[in-house]
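Sharing a structure, written as structure tokens. Questions coming.
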Amino acid sequence: MDINSYKGICVVAEATSANKLTGVTWELIGAAKQLSEQLNGEEISVILISGNNDVNPLLKEISEAGAQKCYLAQDDKLAAYSTEYYAKIICDIVNAKKPSIMLFGASTTGRDLAPRISSELNTGLTADCTELGINEKGLLAATRPTFGGNLMATILCKSRPQMATVRPKVLARPEAHSSNNLEIEKINVKLDGVPLRTKILELAKSLSTACVTIEAAEINVSGGRGMKTAENFKILEDLAQALGGAVGASRAAVDAGWRGHCDQVGQTGKTVTPKLYIACGISGAIQHLAGMNASETIVAINKDPDAAIFDIATYGLVGDLFEVVPALTEAIKKEQLTAAI
Ligand SMILES: Cc1cc2nc3c(=O)[nH]c(=O)nc-3n(C[C@H](O)[C@H](O)[C@H](O)COP(=O)(O)OP(=O)(O)OC[C@H]3O[C@@H](n4cnc5c(N)ncnc54)[C@H](O)[C@@H]3O)c2cc1C
């Protein structure tokens, strides 16, 4: 492999059902800009795969986020996500264009696609990264938690492209700029003969609203093992409702079956960065902190004054959550009532 023939940073874009770029795609383009600055301005490209629907709003966003080039693959067969088709198109583009770095969101699609592509291209993949940089030799330094989240490992890759998936919400979303000139290259999609081992029968959206809520909410009230039962989460729902926020949970609460997995905050759950995070009956294990420690203000309610969560909390309330939380909800409601009069 002539590694010197590989140049540039390429992001694989994802779109929502509302025909918008996903948040993580913006974050990846933002990261690509920072990497490019450290690589003497190497090109930032985006791969956009789509059915034959209107891609103009997506191209506008890709340009606003700061990409310089877009490889656009459009075909009726691509309307629904297919691992085999998407992987074939991306591998063809990589083989032809030779980007040095490939970035994917650690979303359901990215987690499915990236390992298949890295194996097909015989290159390395660092999954679930929380930080990206360039080392002194110009290599991608991809950092991710390891040993159950107790250590952070920075991984380098000798082969090309250097591939990484990055969790949503761990990197900053770049400002939108309208002046960028996006070069669009249409890809001649060749899918004949690609063996399909999966067939999509139906797309169900059942849990998606709850999942979006905890990542998008500006206020998050989360409960842990200290909640003791599923029913007790009602007091957190009342507090979240009074504040206009969403309810999250630690893994202990999810494993106990008190909340669904899509509510889980942490290393193996969602990363959230709300303006206010209220942790109730959560001890503050490193794997939980990995999903919420970038929140603007953290309030911890715990009866153990030595709980690790207090080390990162902006405000700590030592006490029984079953007394503190309802009192807090009442006080907030009273305040809102006074303000309304
Ligand atoms: C590979 C790996 C991945 C993981 N991923 C995640 C993840 O994504 N998210 C995650 O959360 N965890 C994750 N974990 C688990 C993590 O290590 C902890 O076990 C978990 O976060 C503990 O949850 P908890 O804080 O709710 O429970 P505990 O650690 O049991 O803490 C319960 C807390 O409640 C307090 N409490 C009890 N009763 C009350 C009361 N009445 N009033 C006030 N406080 C009270 C206690 O003092 C205690 O601090 C992972 C672990 C591993 C090994």
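Among the residues of the range 48-64, is any touching a Phe, Trp or Tyr at 6+ places or on another chain (Cβ under 9 Å), assigned by TED's automatic domain parsing to the domain that holds Val170, open to solvent by less than 10 Å² (accessible area, probe 1.4 Å) and not in a helix (DSSP H, G or I)?
yes
Checking Arg225 against (1) in contact with a strand residue (DSSP E or B) (Cβ under 6 Å, 6 or more places away or on another chain); (2) within 14 Å of the ligand (Cβ to nearest atom); (3) among the basic types (Lys, Arg): exactly one of these is not met. Which one?
(1)
What residue, among those in the range 289-341 that are closer than 30 Å to Met152 by Cβ and among the polar types (S, T, N, Q), is surrounded by the most Cβ atoms within 10 Å (Cβ to Cβ)?
Looking at the filtered set, the residue picked out is Asn302.
Here's another thing I want to ask about it. If the requirement is being without any contact (Cβ under 8 Å) to a residue 40 or more places away in the chain, open to solvent by less than 60 Å² (accessible area, probe 1.4 Å) and not hydrophobic (A, V, I, L, M, F, W, C), which of these qualifies: Gly124, Gly148, Gly105?
Working: Gly148 fails: without any contact (Cβ under 8 Å) to a residue 40 or more places away in the chain; Gly105 fails: without any contact (Cβ under 8 Å) to a residue 40 or more places away in the chain.
Being without any contact (Cβ under 8 Å) to a residue 40 or more places away in the chain, open to solvent by less than 60 Å² (accessible area, probe 1.4 Å) and not hydrophobic (A, V, I, L, M, F, W, C) holds for just one of Gly124, Gly148, Gly105, which is Gly124.
Still on this model: For Ser283, indicate whether it is outside the structural domain of Ala106 (by TED's automatic domain parsing), among the polar types (S, T, N, Q) and open to solvent by 50 Å² or more (accessible area, probe 1.4 Å). Let's see the steps before the verdict.
Values: outside the structural domain of Ala106 (by TED's automatic domain parsing): yes; among the polar types (S, T, N, Q): yes; open to solvent by 50 Å² or more (accessible area, probe 1.4 Å): yes.
In short, yes.
Can you pull out every residue in the range 35-51 that is without any contact (Cβ under 8 Å) to a residue 60 or more places away in the chain and more than 14 Å from Phe104 (Cβ to Cβ)?
Result: Ser36, Glu37, Asn40, Gly41, Glu42, Glu43, Ile44, Ser50, Gly51.
Still on this structure, please answer the following. In the set Glu185, Glu175, which member is in contact with a Cys (Cβ under 8 Å, 6 or more places away or on another chain), open to solvent by 40 Å² or more (accessible area, probe 1.4 Å) and within 21 Å of Ala67 (Cα to Cα)? Walk me through it before giving the result.
Values: Glu175 fails: in contact with a Cys (Cβ under 8 Å, 6 or more places away or on another chain).
Being in contact with a Cys (Cβ under 8 Å, 6 or more places away or on another chain), open to solvent by 40 Å² or more (accessible area, probe 1.4 Å) and within 21 Å of Ala67 (Cα to Cα) holds for just one of Glu185, Glu175, which is Glu185.
What are the residue pairs meeting all of these: first residue in the range 236-255, first residue away from the ligand (no atom under 16 Å from the Cβ) and open to solvent by 30 Å² or more (accessible area, probe 1.4 Å), second residue assigned to a loop (DSSP other than H, G, I, E, B) and not polar (S, T, N, Q), Cβ atoms under 8 Å, and 6 or more apart or on different chains?
Taking only residues 6 or more apart or on different chains, the pairs are Gly244/Glu218.
Would you confirm, using the coordinates I've provided, whether Leu28 is assigned by TED's automatic domain parsing to the domain that holds Asn122, crowded, with 21+ Cβ neighbours inside 10 Å and assigned to a strand (DSSP E or B)? Even if it seems obvious, please write down each step before you answer.
Values: assigned by TED's automatic domain parsing to the domain that holds Asn122: yes; crowded, with 21+ Cβ neighbours inside 10 Å: yes; assigned to a strand (DSSP E or B): no.
Answer is no for this residue.
Also, I was wondering about something else. Of the residues Ala142, Ala114, only one is under 20 Å from the mean Cα position of the chain (by Cα), buried (at least 21 other Cβ atoms within 10 Å of the Cβ) and either without any contact (Cβ under 8 Å) to a residue 40 or more places away in the chain or in the same structural domain as Gly284 (by TED's automatic domain parsing) (or both); which? So that I can check it myself, show each step before the final result.
Details: Ala114 fails: either without any contact (Cβ under 8 Å) to a residue 40 or more places away in the chain or in the same structural domain as Gly284 (by TED's automatic domain parsing) (or both).
Selected residue: Ala142, the only one of Ala142, Ala114 that is under 20 Å from the mean Cα position of the chain (by Cα), buried (at least 21 other Cβ atoms within 10 Å of the Cβ) and either without any contact (Cβ under 8 Å) to a residue 40 or more places away in the chain or in the same structural domain as Gly284 (by TED's automatic domain parsing) (or both).
The values are calculated or read from the model by the stated rules, or taken from the named source; none is laboratory data. Only a predicted model underlies this, so the values are computations on that prediction, with no experimental measurement involved. Glycine also receives a Cβ, built like all others from the backbone with ideal geometry; neighbour counts cover every protein chain displayed. Note: areas computed on protein heavy atoms with side chains; ligands, DNA, RNA excluded. Shrake-Rupley method; radii C 1.70, N 1.55, O 1.52, S 1.80 Å.
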